[in-house]
Amino acid sequence: MRIGLETESFHLQFITGRMDIFGFIRKTAELGLDGVMINIIPWPGLPGRGTLESFEPEYLERVRKEIQKYGFFAEIDTNGTDPEHLKEVIEAAQRIGADVIRTYSCMGEYDSERLKRAPKDIKKIAPLLEKYRIKLAVENHEEELTDEVIQIIKEVNSPWVGAHCDVGNGMMAWEDPVKAVRKLAPYAFTSHFKDHIIIHDGEDYRVCGVPVGTGNIDTEECFKILVEKSTLTRINVEMCFPYAINFKRELGAGGVFAVGEGAFKVEQPPYDLNVIKPLDYYYPPEELLEQMIEDQEKGTEQSVKYTLALRDKYCR
């Protein structure tokens, strides 16, 4: 099993200009990993395509060469199912040598119309996926239930369209992570390996990212399922700390009806509520930025070490 790293794991360094995609690729190599998952969703107020500066052919060729220098695999993270957008992303993926693209249907909130439209949209770009031998992986991205993702895959009915199995995102839709992973594993083309806790911020309960192996998701069981019940040859660490988000579906939508047990056990917030509210973690104030950048880097290193240990346990 090859282990990759998603650019989200260093999002604070990206959005402050301290890291670019070339620095990220080098850092991934330093961590002893095997590939990169490059998120191209734009950040508000910043130029470029997320962690890529542009889709210009010369620039993408430089990215491709840096990836190849380390013998890495490459994948791309995008969102939405608009066929024209996906065509552009497929072309960019082909230029950098990425063979898997992650996307999702809903865009920040549950949208039943987007879910209904997704199979028709994706069918339009299936021939291009086949042409370039690139797979499209539909993610359970906070708003979508695993059954809804599987339904999209079945309706498209293409060998080039499968699932992106995110270990933690089901929680935002009130799904038990282990059950969600077990459902998606047979369809999985790629993954996000992460960990979460539940916190209360004085207003409501939130799902909060933490370094992998330190939260309340049974990440070892999830890893084991991905090894034994999927055809995956890669697992991508996505260290989502500091990050917190509200629930996206109604209570019980995914089969869980209360916080308090298992993955939904309530813990203390990682930072003092009087200093910063959890929903502000992603874009922290200037006075906390240095500490949170350091915490994020340590969390990524911790997550990678934990995941590599699981690989040693279950893949050798």
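Evaluated against (1) over 24 Å from PHE22 (Cα atoms); (2) open to solvent by 10 Å² or more (accessible area, probe 1.4 Å); (3) touching a Pro at 6+ places or on another chain (Cβ under 9 Å), ARG95 falls short on exactly one condition, (1). Taking GLY80, is it closer than 30 Å to ARG62 by Cα, surrounded by fewer than 21 Cβ atoms within 10 Å (Cβ to Cβ), of a type outside the set (Val, Ile, Thr) and under 15 Å from the mean Cα position of the chain (by Cα)? Here the answer is yes, as GLY80 does meet what is asked. For the stretch 220-239, the condition holds for at least one residue, the condition being that it is open to solvent by less than 20 Å² (accessible area, probe 1.4 Å), touching a residue at least 60 places away in the same chain (Cβ under 8 Å) and part of a helix (DSSP H, G or I). Among residues of the stretch 271-296 being touching a helix residue (DSSP H, G or I) at 6+ places or on another chain (Cβ under 8 Å) and surrounded by 17 or more Cβ atoms within 10 Å (Cβ to Cβ), the one that is farthest from LYS194 (Cα to Cα) is ILE276. Suppose the filter is of a type in the set (A, V, I, L, M, F, W, C) and touching a strand residue (DSSP E or B) at 6+ places or on another chain (Cβ under 9 Å); does VAL256 pass it? Here the answer is no, as VAL256 does not meet what is asked. Scanning the stretch 205-219 for residues that are open to solvent by less than 10 Å² (accessible area, probe 1.4 Å) and among the polar types (S, T, N, Q) gives a single hit, THR219.
The stretch 130-217 holds strands (runs of 3 or more DSSP E) entirely within its bounds, and those carrying 3 or more residues that are without any contact (Cβ under 8 Å) to a residue 40 or more places away in the chain and over 19 Å from LEU279 (Cα atoms) map to 161-166. Residues in the stretch 27-48 that are under 21 Å from ALA92 (Cα atoms) and in contact with a helix residue (DSSP H, G or I) (Cβ under 8 Å, 6 or more places away or on another chain) were compared, and the one that is surrounded by the fewest Cβ atoms within 10 Å (Cβ to Cβ) is LEU46. Condition (residue is open to solvent by 30 Å² or more (accessible area, probe 1.4 Å), closer than 24 Å to LEU145 by Cα and in a loop (DSSP other than H, G, I, E, B)) applied to the stretch 308-315: is it met by at least one residue? Looking through the stretch 308-315, none of the residues is open to solvent by 30 Å² or more (accessible area, probe 1.4 Å), closer than 24 Å to LEU145 by Cα and in a loop (DSSP other than H, G, I, E, B). Candidates LEU129, LEU46, LEU136, LEU86: the one that is aliphatic (A, V, I, L, M) and in contact with an Asp or Glu (Cβ under 9 Å, 6 or more places away or on another chain) is LEU86. The single condition among (1) within 21 Å of the chain's Cα centre (by Cα); (2) modelled with pLDDT of 95 or more; (3) open to solvent by 30 Å² or more (accessible area, probe 1.4 Å) that TYR70 does not satisfy is (1). Scanning the stretch 108-126 for residues that are open to solvent by 20 Å² or more (accessible area, probe 1.4 Å), more than 21 Å from the chain's Cα centre (by Cα) and charged (D, E, K, R) yields GLU113, LYS116, ARG117, LYS120, LYS123, LYS124. Restricting attention to the stretch 83-92, the residues being open to solvent by 50 Å² or more (accessible area, probe 1.4 Å), within 20 Å of the chain's Cα centre (by Cα) and within 17 Å of TRP160 (Cα to Cα) number 0. Looking only at the stretch 247-261, which residues are more than 15 Å from SER112 (Cβ to Cβ) and within 19 Å of the chain's Cα centre (by Cα)? Hit for the stretch 247-261 is PHE247, nothing else.
Among all positions in the stretch 224-231, there is no residue which is of a type in the set (Asp, Glu) and under 22 Å from ASP121 (Cα atoms). For the stretch 176-194, a residue qualifies if it is open to solvent by 10 Å² or more (accessible area, probe 1.4 Å) and either more than 20 Å from PHE73 (Cβ to Cβ) or hydroxyl-bearing (Ser, Thr, Tyr) (or both), and the qualifying residues are ASP176, VAL178, LYS179, ARG182, LYS183, PRO186, TYR187.
The values are calculated or read from the model by the stated rules, or taken from the named source; none is laboratory data. Here the structure is a predicted model, which means the values were calculated and not measured. Positions of Cβ are backbone-derived with ideal geometry, glycine not excepted, and every protein chain shown enters the neighbour counts. These area figures cover heavy atoms from the full protein model, side chains too; ligands, DNA and RNA do not enter into them. Shrake-Rupley method; radii C 1.70, N 1.55, O 1.52, S 1.80 Å.
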